[in-house]
Amino acid sequence: MGQTFEAQHPGTTVTFSFAGSSDLVTQLQQGAPADVLASADTANMTKVVTDRLVAGSPVDFATNTLEIAVPPDNPAGVTSFADLSRPGVKLVVCAPQVPCGAAAQKIEKATGTTLAPVSEENAVTDVLGKVTSGEADAGLVYVTDVRGAGDEVKGIPFDESKEAVNTYPIAALAGSKDADLAGEFVELVTGSEGRQVLADAGFAP
């Protein structure tokens, strides 16, 4: 989408900053310059709205659910969400303040399952990294992360994931130096072209 936007607006450069949504919000609260914020949940976007850092209203642009990622050979033999609580299974999850961690906790509560992760990470990419490096038997990541990792991991869908569907909002920011361009980028993401790119990456509407 960044390349598309640059092609549509000659002379414009799109620079991305990727991190856990809670980290991005903290950066904005501390004065980091940005034109647009996309969050992996509504809770973190609400913080930015409350602090009046948003121009206009956030728009929901995608949804995502969790999936279990395991190494291709699945050494721990994980086949279900319940298997993640088995003794000896080295599980990595996101920290609770990160959207993927909050979603994991919600599923735990809804299913009465108690997880004992060996590590809690500040970004879903770090969880995936622990799985691909062989440091973990399993990780709770998004469907889109499993798809993006290709052959590096095996994805195990689980029915309980529907207990925590994350909605992703995007908004132009009040501190943007070019409000028109910021608004147009939001329109690209939320429009038909953006929706197709997101669908191809595994996001749900």
Label corresponding to Cα extents along the principal axes in Å when calculated from the structure given, among [x] 51, 37, 36; [y] 60, 37, 32; [z] 53, 33, 26: [z]
Reach of Lys90 by Cα under 19 Å, taken over lysines that are not fewer than 8 positions away in the same chain: Lys130, Lys154
Find out how many positive minus negative residues lie around Asp83, taking Lys and Arg as positive, Asp and Glu as negative, among other residues whose Cβ is under 13 Å from that of Asp83. 0
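Lys and Arg at +1, Asp and Glu at -1: add these up for the other residues within a Cβ distance under 15 Å of Lys177 and post the number.
Net local charge, Lys177 excluded: -4.
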Give the range of the longest stretch in the chain that excludes all chymotrypsin sites (Phe, Trp or Tyr not before Pro) found in loop regions by DSSP and having at most 12 other beta-carbon atoms within 10 Å. 19-205
FRET E, pair Asp180, Ala19, Förster distance 22 Å, beta-carbon r, rounded to 0.05: 0.25
Cα gyration tensor shape of region 66-163, rounded if a/c is under 1.5, else prolate or oblate by comparing a/b with b/c: rounded
Find how much the distance from Val165 to Asp200 grows on full extension, using 0.36 nm per residue of separation minus their present alpha carbon separation; answer in nm with one decimal. 10.8 nm
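Read-outs: derived from the displayed coordinates by stated rules, not from any lab. Nothing here was measured: the structure is a model prediction, and the numbers come from that model. Please note: Cβ atoms are built from the backbone with ideal geometry, for glycine as well, and neighbour counts cover all protein chains shown.
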